[in-house]
Every structure is written in structure tokens, then in C-alpha cells.
1. What whole number of Å gives the distance from the Cα centroid of the stretch 29-82 to the Cα centroid of the stretch 260-278?
2. Which of Thr277, Ala170, Val21 sits closest to the plus end of the dipole of the chain, meaning its Cα is farthest towards the positive end, when Lys and Arg get +1 and Asp and Glu get -1 on the C-beta?
3. Residue separation times 0.36 nm, minus the C-alpha to C-alpha distance between Leu68 and Thr109: what's the value?
4. Explain nothing, just the number: dipole magnitude of the chain about its Cα centre with +1 on each Lys and Arg Cβ and -1 on each Asp and Glu Cβ, in debye rounded to the nearest 20.
5. Starting from the stretch 143-216, pick out the trypsin sites (Lys or Arg not before Pro) whose DSSP state is loop and whose Cβ has at most 15 other Cβ atoms within 10 Å.
6. Along the positive direction of the dipole of the chain (beta-carbon charges: Lys, Arg +1; Asp, Glu -1; about the Cα centre), which of Leu37, Thr249, Leu93 reaches farthest?
7. Given bins 20 angstrom wide, list per bin the percent of all Cα-Cα distances in the chain, short to long.
8. Taking the Cα centre of the stretch 12-81 as origin, work out the dipole magnitude from +1 charges on Lys and Arg Cβ and -1 charges on Asp and Glu Cβ, in debye rounded to 20.
Amino acid sequence: MGLISFLKDKFSKKEKNEKYVAGLDKSRKNFSSKLHLLTKRYSKVNEEYFEELEEILIEADVGVNLALDIVEVTRNETDQKKITDPKLINEILVDKMFVSYAQQGDSITNEIEFRENEPTVLLVVGVNGVGKTTTIAKLANRYKNQGKKVLLVAGDTFRAGATEQLSIWASRLGVDIVVGKENQDPSSVCFDGMRKAKEGKYDLVICDTAGRLQNKLNLMQELSKMKRVISKEIESAPHEVFLIIDATTGQNGVVQAKAFKECTSLTGVVITKMDGTSKGGIILAIRDELGVPVRFIGLGEKMDDLEEFDLDQYLYGLCLSQEEDE
């Protein structure tokens, strides 16, 4: 059984995640519909078919290198098995998309694993405008609803309004927050946050950081200093470093991701605004370029629209739902 058949069987109408289906609607119309039309135009595959297949993947922001790799292994398998039916080749294509994600880089984990006798510290990085503050609020809401005692640390002291925005979210969610003064050294705010976290026996500390990327050296030095200060107070911290990426930025988001990975070790990526892009292949591109798993995916604006990333649900929402709707 191929992956398409497997996912159709797995995600019955009752089991599929409707948020993935709705949130990937724009991407599905850009990707799945093009595959569908391509299949209709070719009764048998040829060189032009595979060239158009590459273009579809590239236009979906899968990335040029990964698109070429996926099409090459798809072509090799179809040649070996002497398959010429485009529908069967699309089945193989989705299999290869799954494998390219699953086998690349670190093992796939989503939820934060909490420490037993000390606060778990999450450092959140990303450029300004990607939805970092809102994502921090969504993560805080998620874990508060799981019964965790959450503390926010407003470490972005340079962007006007950043501390105020995070403070507003903390008030709305009913979680505590540590703030500093405008232009205060972010590391000193983190120091105060770690002290409060230990004294208050918090389960989760989420630290915001500045989103400046104009000078990677300064960013590297700033993040390194914050991590040193945090680890002095809580020896093994930070335990997680999440990079926030706006899906609508496309390949520019991949460039941002590479820059941040050069500056700090990342344990996961959170993709925001997935419902606002028609190029959902960025998830495969990020995994391929960074080797870091996507941990959560934003599929809407509501507080509960931050979902654990599920590769099966993602591929189902990206590739298959149109067939279900027809």
C-alpha cells in the first residue's frame, strides 16, 4: 500500500484534523491542484512530465535542491518498476516527500519534555514580524491548559512595544512575566527571570529574544550571553531553543533559519501563518536545509490554533484533501 492509500485509510472523516485541512487550503490549491492537472494532461509520463513536476515542487517552496532530489528518486523508482501512469507516480512522489522529511536530521519530537526538579527553559528566537510574541502566548496558553505553571521573560528589550505586547498577553492568559526597562541588557532580564523561576517553582519559563538580524555577529554574541546567564542559574538550561518562521516569507524564511542556526543551537522550529501561504512546501525545505524538526505549526489566529506538527496530517492536508472533496 502506498502512502496516499495509507493516509486515505488512516484519516477517515472522523479522524482527520480539520484544522490541517482548512489551514493548508491555499497551499493545497497551489500544489495538489497542479498535480491533479498535470496528471490529466499526460496519459503516460515522459521527460517533460518530470520537468513540470520539478517546477510544481519548486513553486511550492520545497526548495530547488530538494525538489530535484525528490523528482530524481521518484524517476529512478518509476524507471525500475516500469511505471508510466501519472497517478501511480504521484503516489511514489508523496512517499518520497515523507521519506525526505522523516529521515533528515534530528529525531522528530513535538511536545516539550519537562524537567523534574527544576524549571524547563525555552528560548524563543526569530526576526521581528514573524509572529514571535503571539506564538509565545500560544505556547504559554497550551502548557497552562496542561496544568503547568508558566513564566514569561520579556528579553526583547530593544524593539519598541515588545515588552508591552508580551505583558498584555501575560495578563490575558493569567501567567506571570518578568520585564526590564527599555534597552536594558536582555541577559540581565533573563537573570531576573531565572531567579524568579527557581524561587517560584515554575514548570516552564519562556524567554523572548531580540529579532535583529542585521548583524549576525552581534546577534550571536547576544544570544550566547543570554544562554550563559541562563545556564549559570539553571545549569542545564536553556533546554529548548525554538525558531519562529513565518510561512508566508517562503525561501526568505529558510535564509533566516540558516542565519539563526549559525548563531545558536536549535531544537525545533515553529511555523506561523501557514494558513496564509500558498507555498506549504517550506516545511520540507526547512527540514532539508537545517535538519531540525518542525515542532508546532500555526494554522489560524486563535489561541488554540497552534498544533503539534504531524507529518501524516500535513501531507494529507497538502496533497490529498482535494481528492476527498471531489
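The values are calculated or read from the model by the stated rules, or taken from the named source; none is laboratory data. Bear in mind the structure is a predicted one, so any value in this text is a computation, not a measurement. All Cβ positions, even for glycine, are placed from backbone atoms using ideal geometry, and neighbour counts span all protein chains on display. Just the protein is used for accessible areas: all its heavy atoms, side chains included, with ligands, DNA and RNA removed. Shrake-Rupley method; radii C 1.70, N 1.55, O 1.52, S 1.80 Å.
1. Between the Cα centre of the stretch 260-278 and that of the stretch 29-82, the gap is 26 Å.
2. Of the candidates, Ala170 comes out farthest on the positive side.
3. 12.0 nm is the gain from fully extending Leu68 to Thr109.
4. On the way: 45 positive and 53 negative charges, 171 e Å.
With only Lys, Arg, Asp and Glu charged at Cβ, the dipole is about 820 debye.
5. Hits after loop and neighbour filter: Lys181, Lys201, Arg212.
6. Thr249
7. 32, 51, 17, 1
8. Charge dipole, the stretch 12-81, about its Cα centre: 700 debye, nearest 20.
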